[in-house]
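Below is one structure; the comments refer to it alone.
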Amino acid sequence: MNLQNHEHPFAEFIKILGKGKKGARPLTQDEAYRAMRMILADEVLPMQLGAFLMLLRIKEETSEELAGFVQAVKQTMAVPGQNLTVDLDWSSYAGKRRHLPWFLLSTLLLAANGVKVFMHGADGHTEGRIYTGEVLQALGIKTAGSLAEAEQQLLTHNFSYLSLKYICPQLYEMINLKSVMGLRSPVHTLVRLLNPFNAAHSIQGIFHPSYRQVHQHAALLLNQPHMAVLKGEGGETERNPDIECLVQSVNQGQLSDEIWPAFFERRHMKAEELDPQHLLQLWRGELDDEFAVATVTGTAAIALRLLGKADSQAQAQQLAEQYWAERNQSGW
């Protein structure tokens, strides 16, 4: 194609986003779908991809755009788990820098009590953070290397973590453009909504509060039956027990908001070091840390409420604390 005489097909989407204050507009869901299909098919020039992602970043992505992007990605993915029902999809993309990822113990606690939890994420895209994959490996918990292996781990252990690079390599490459661009892109948002195993329940953490409703409405457009999103500690799917937590949900097409109160009146100091072995020590009862325990049980309680295993916040918290008290401290 002679680009001097013919407009590149992808230019349509850049023009929609970049026509200035009066001419620009968001993409429709169908336009977002078509744009992402072209990106995943490698029909876009690198300069176009960079412009597209940054234009979206400046204006911030809409629910319709996210829904279209996710639909396109899911059409290119292999459909795993035909004979497997995953209970809870848990996204983990932010990484932690102030506190350890105590939420990992929440997922293992749920798994130990029969809940099949599939976790997906991407490591290392932001400097100065520790990521789920590396923490799990430090604890001796094997991460999956394919969707098929994740399926087997879920059948055997009720838990599996799989990196985005094995789910959608193109998105993994795009999420790692942050070090090149200096900014996050819409990819950081859409990957949280992927739900590769089509679990009936999904839970997501965000950092910027305004994204809660964007996730909530995107899940509605994607016909996800049960989804919860919260402003998590550091942007991960983790309840901070020092502050109240607004959880915004979708349940069978109905939107709901629920405020979970803080556990403590005072704020806890950030950790002096982030040693993954502290997670194992807490699980085994060798570490006394009220913040960590409240984080683990409080995060698990939100998941239990989403899963319909409790009719109220109080019941969910009581059940989470029961799970914690009765855990097998000798191992995972």
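Out of Leu55, Leu49, Leu66, Leu104, I need the residue that is outside any loop (DSSP other than H, G, I, E, B), open to solvent by 20 Å² or more (accessible area, probe 1.4 Å) and within 27 Å of Ser146 (Cβ to Cβ). Which one?
Leu49
Table: residues versus (1) under 24 Å from Ala78 (Cα atoms); (2) touching a residue at least 24 places away in the same chain (Cβ under 8 Å); (3) of a type in the set (Gly, Ala, Ser).
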| residue | (1), (2), (3) |
| --- | --- |
| Gly133 | yes, yes, yes |
| Gly140 | no, no, yes |
| Leu154 | yes, yes, no |
| Tyr166 | yes, no, no |
| Pro169 | yes, no, no |
| Met174 | yes, yes, no |
| His188 | yes, yes, no |
| Val191 | yes, yes, no |
| Asn195 | yes, yes, no |
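Looking at the range 151-174, which of its residues are assigned to a helix (DSSP H, G or I), in contact with a helix residue (DSSP H, G or I) (Cβ under 8 Å, 6 or more places away or on another chain) and closer than 28 Å to Pro186 by Cα?
Let us first name the residues in the range 151-174 that are assigned to a helix (DSSP H, G or I), namely 151-157, 164-167, 169-174.
With the extra rule that they be in contact with a helix residue (DSSP H, G or I) (Cβ under 8 Å, 6 or more places away or on another chain), the set shrinks to 157, 164-167, 170-172, 174.
Matches in the range 151-174: Leu164, Lys165, Tyr166, Ile167, Gln170, Leu171, Tyr172, Met174.
On the basis of being in a helix (DSSP H, G or I) and either in contact with a Ser or Thr (Cβ under 7 Å, 6 or more places away or on another chain) or closer than 30 Å to Leu274 by Cβ (or both), does Arg98 make the cut?
no
Which pairs turn up if I take residues in the range 33-45 that are at pLDDT below 95 and look for partners that are crowded, with 17+ Cβ neighbours inside 10 Å and hydroxyl-bearing (Ser, Thr, Tyr) with beta carbon separation below 7 Å, at least 6 apart in sequence or on another chain?
none
Being in contact with a helix residue (DSSP H, G or I) (Cβ under 8 Å, 6 or more places away or on another chain) and open to solvent by less than 50 Å² (accessible area, probe 1.4 Å) is the filter here, so list the residues in the range 178-196 that pass it.
Arg184, Ser185, Pro186, Val187, His188, Thr189, Leu190, Val191, Arg192, Leu193, Leu194, Pro196
Look through Gln224, Gln216, Gln248, Gln254 and report the one residue that is free of Cβ contacts under 8 Å to residues at least 12 places away in the same chain, among the polar types (S, T, N, Q) and either open to solvent by less than 40 Å² (accessible area, probe 1.4 Å) or out of contact with any helix residue (DSSP H, G or I) (no Cβ under 7 Å at 6 or more places or on another chain) (or both).
Criteria check complete, one pass: Gln254.
Go through the range 134-151 and count every residue that is under 27 Å from Arg284 (Cβ atoms), modelled with pLDDT under 95 and either open to solvent by 60 Å² or more (accessible area, probe 1.4 Å) or under 16 Å from the mean Cα position of the chain (by Cα) (or both).
The qualifying residues number 3.
The values are calculated or read from the model by the stated rules, or taken from the named source; none is laboratory data. Since this is a predicted model, take the numbers as computed values, not measurements. Methodologically, a virtual Cβ is constructed for each residue, glycine included, from the backbone with ideal geometry; neighbour enumeration extends over all protein chains shown. Heads up: the accessible areas ignore ligands, DNA and RNA and are worked out on the full protein's heavy atoms, side chains in. Shrake-Rupley method; radii C 1.70, N 1.55, O 1.52, S 1.80 Å.
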